[in-house]
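The block underneath contains the structure these notes are about, expressed in C-alpha cells.
The values are calculated or read from the model by the stated rules, or taken from the named source; none is laboratory data. Just so it is clear, the model here is predicted, and its values are computed rather than measured. Quick reminder, even Gly has a Cβ in these numbers, built from the backbone with ideal geometry, and neighbours come from all protein chains shown. Heavy atoms of the whole protein, side chains included, go into the accessibility calculation; ligands, DNA and RNA do not. Shrake-Rupley method; radii C 1.70, N 1.55, O 1.52, S 1.80 Å.
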Amino acid sequence: MKRKKHFLASPVLFLAAAAALLLLSTVGSTRAALTYYSENYEMNMEVSSIGVSLLENGKVVSNRNYTDRGWVSGSVGEDGEPRGALLEGRFQGEEKLVPGKVYEEALSVQNSGEIDSYVRVILYRSWKDAAGNRDTELNPKLIDLVGLGASGSGWVVDESASTEERVVLYYQQPLAKDAQTSPLCTGLRIDPEVLRKVDGENGQVKYVYNGYSFSLEAEVDAVQTHSAEDAIKSAWGVDVSVGADGTLTP
C-alpha cells in the first residue's frame, strides 16, 4: 500500500516532492472494543459490519473493512487500477511541482461498512532526506494542507493532540452506511519558503531544502456509535463527549 513518487520542483532547485503515503488502519483495539460492547450492550451487533475508505478527489485510494475473513485492506480504485499515492499521475513528462501553487487535494472518508460509525483521521507530514530518513529540523508546516478542518466542514482539529507534524481530526457527526464526509482539506501547497537560500561553503549558494522529499500520511480509524464515548475511550484512548444530537467533541 506504500508507494512514492518524486517530482522535480524547478530547473534550479532539486527539491524532490515525494507523493504522499496513504495508510488506512482500523486499529486492532477498535476490533476489541467492538467485540466487548457487542457482548455487553447489543447482542446482535456483528463486528464484521465496520469499515472505512479513504478518498482523494472523490476516488477511493484505500480501504479497510472487517469481514468474515477478518480485516481486508486494499488500495485499488473504482476503476480497478492500483491506487495509494497522493498526486498519482498528476505530474507527467516535463511538468514540475511549483512551490506556492495550490493543487487540488480533497481528502474525505466514506463508511464502507454496515453500521453507523464515528471516524477519525490522523495526518502525518514530514521532510525526508535522500536516504529516506525523517529530518526533524525542517518545518513540516511548509507542507500546507489548504482548508484543513475549516469551519463548516464537519471536521474539528483536536488541538491538544496535534503538533506541527501530526494533526488529529474528528468528523463530528455519525457516518451512516455508504455516507461520505465532506473534505477535511481541499488543496495541497508547498510553501515557497522551500526556495530559501543560504550561503554555503566557498561563497556558493545553498538551498536549505535541496534534495529533500515531503511525506504525507493519512491514518483513518472508525468506531461504532453505540456507547460511543466508552467505545472511543477503549479503542483510541481519548475522552470525547457526544451530545444528544450525536455531535462528537474532543
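Accessible surface for the stretch 156-218, divided over its residues, is 52 Å² per residue with a 1.4 Å probe. Distant-in-sequence amide contacts of THR225, defined by a placed amide H-H separation under 5 Å and a gap of 5 or more residues or a different chain, comprise TYR118. As a calculated quantity, the FRET efficiency between SER151 and VAL205 at R0 = 45 Å, using C-beta atoms, amounts to about 0.60. Close amide-amide hydrogen proximity is noted between ALA179 and ASN111, each under 5 Å apart and 5 or more residues distant or on a separate chain (H modeled in the peptide plane; Pro and chain starts excluded).
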